[in-house]
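Throughout, read-outs are computed from the coordinates displayed, never taken from laboratory work. These numbers were taken from a predicted model, which means no experiment stands behind them. Note that we place each Cβ from the backbone using ideal geometry, even for glycine, and neighbour counts take in every protein chain shown.
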Amino acid sequence: MLHPSSTLAAATALLIALFSTANAETTLRASHQFPGGQGDVRDEMVQLMAKEVEAAGVDLKIQIYPGQSLFKAQEQWPALVRGRLDMTALPLDYASGRHPEFSATLMPGLVRSHERAQRLNDSEFMDMIKEVINDAGVRVLADAWLAGGFVSNVRCITSPDTVEGQTLRAAGPAFDEMLAEAGASIASMPSSEIYTAMQTGVLDGANTSSGSFVSYRIYEQASCLTAPGDNALWFMYEPILISEQSWSRLNEEQQKALTEAGEKAEAYFAGEAASLDQELVDVYKENGVEVVTMTPENYQAWLDIAKQSSYKTFAENVPNGQALIDAALAVE
């Protein structure tokens with residue numbers, strides 16, 4: 001017969017073993033600004049990754065906090081760098097105040113099409129951008145380039161003269177400068193605030209991604225949409241990122257599972273990218289919004305203004321600015 005103390009010791013050891021097993025699972029906190037569970041492709045990419053790593057059986061879980069429920073849009077990059085946040089789906093140009101090179105990932109006319117965006121992913125240009133990301137203590141798990149356009153409740157935005165006198169939101173410094181050069185007033189804010197700003201008259205219009213135009217229901221405040229079409233002036237890099245501090249705490253199996261999940265999320269996005277633009281057009285037409293696209297002449301007129309303003313400023317003031325532009329333009 002076991003002595004009571006032996007029984008107690010055995011029970012205690014069993015509890016410790018069970019507690020250790022229960023706590024062996026690593027949980028990564030993923031924050032983003034986009035609506036959760038409403039079909040936003042960036043949320044869906046993170047959701048897909050969460051399912052993939054759980055299915056891999058490597059004691060890894062991704063807990064998702066959508067809709068700025070953990071960190072505000074502009075707080076995510078610094079939280080990631082400091083290791084206070086594990087993962088995010090982030091419009092990279094939001095961090096251009098700290099790393100001005102990132103404005104190259106929302107440079108007017110630099111991408112133009114989804115096909116070219118795919119080619120950019122494997123270019124010297126993206127190698128240069130990712131070097132800045134890595135040096136800051138962050139790594140990319142999945143690439144994503146979203147096309148976008150313009151909305152307005154004053155007049156359709158096509159040629160540069162159509163923005164004159166309108167107060168517009170642009171997503172980053174390069175678009176801000178180009179629009180201001182064309183005669184627009186600028187109000188800066190995350191895409192999550194466009195709806196309220198247009199509703200209250202702070203904005204006349206805005207540019208953002210096809211995904212955000214739909215998931216934030218901006219069609220309720222717009223009278224005209226300039227869809228990406230064949231001459232998309234607006235493309236933005238919005239990758240899924242992980243803090244290097246968080247990455248280094250994972251074991252080799254967990255890192256492998258997360259890398260593979262990122263590859264699947266990137267492939268999923270690549271398959272969805274063009275259909276996002278069509279969904280945008282369909283949803284806006286269904287809601288009575290006029291839909292137009294830019295002609296090649298409109299596109300070139302904007303590009304001419306951009307090269308005199310935002311391209312010039314970027315080349316002169318940003319480390320490796322001209323080299324980044326040249327590397328992007330070298331991609332066929």
In deg cm²/dmol and to the nearest 500, what is the mean residue ellipticity at 222 nm of the chain if only DSSP H runs of at least 4 residues count, each as -39500 (n - 2.57), divided by the residue total?
-14000 deg cm²/dmol
With label points set 7 Å from each Cα along the Cα-to-Cβ direction at ASN134 and GLN300, the distance between them in nm comes to 4.0
Run the quick spin-label model on ASP122 and LYS285: label points 7 Å from Cα toward the beta carbon, then report their separation in nm to one decimal.
3.4
Karplus ³J(HN,Hα) for region 43-50 (6.51 cos²θ - 1.76 cosθ + 1.60, θ = phi - 60°; Hz, whole; x = Gly/Pro) runs 5, 5, 4, 5, 4, 4, 5, 4
Determine, from the Cβ-Cβ distance of SER159 and GLN245 and an R0 of 51 Å, the FRET efficiency 1/(1 + (r/R0)^6), rounded to the nearest 0.05.
0.60
Computed FRET value (nearest 0.05) for ARG217 with GLU115, which takes r as the C-beta separation and R₀ as 25 Å:
0.30
Distance between Cα centroids, region 114-172 to region 243-290: provide it in whole Å.
16
For the chain, what D do you get in µm² per second when you plug the Kirkwood radius from alpha-carbon pairs into Stokes-Einstein at 25 °C and 0.890 mPa s?
117
For region 112-201, state the semi-axes of the equivalent ellipsoid (square roots of 5 times the eigenvalues of the alpha-carbon gyration tensor), sorted largest first and rounded to whole angstrom.
30, 16, 13
Amide H proximity to ALA142 below 5 Å, modelled H, separation 5+ or other chain, gives ILE240
Cα axis of helix 296-308 to longest principal axis of the chain: angle in degrees, 0 to 90, nearest 10?
80
Expected vector for region 197-213, Karplus 3J(HN,Hα) from phi with 6.51, -1.76, 1.60 and θ = phi - 60°, integer Hz, x for Gly and Pro, equals 5, 6, 5, 9, x, 5, 10, 8, x, 6, 10, 6, 6, 4, x, 6, 4
Counting all Cα-Cα pairs in region 24-69, those more than 12 Å apart amount in percent to 58
Pick from GLN166, GLN278, GLN221 the residue whose mean-square fluctuation is largest in a GNM of the chain, springs joining Cα atoms under 10 Å.
GLN278
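Which number gives the lysine pairs in the chain that have C-alpha atoms under 22 Å apart and are eight or more places apart or on different chains? Present the calculation step by step, with values, prior to reporting the outcome.
On the way: LYS51/LYS61; LYS51/LYS256; LYS51/LYS264; LYS61/LYS256; LYS61/LYS264; LYS130/LYS256; LYS130/LYS264; LYS256/LYS264.
Lysine pairs, 8 or more places apart or on different chains, close enough: 8.
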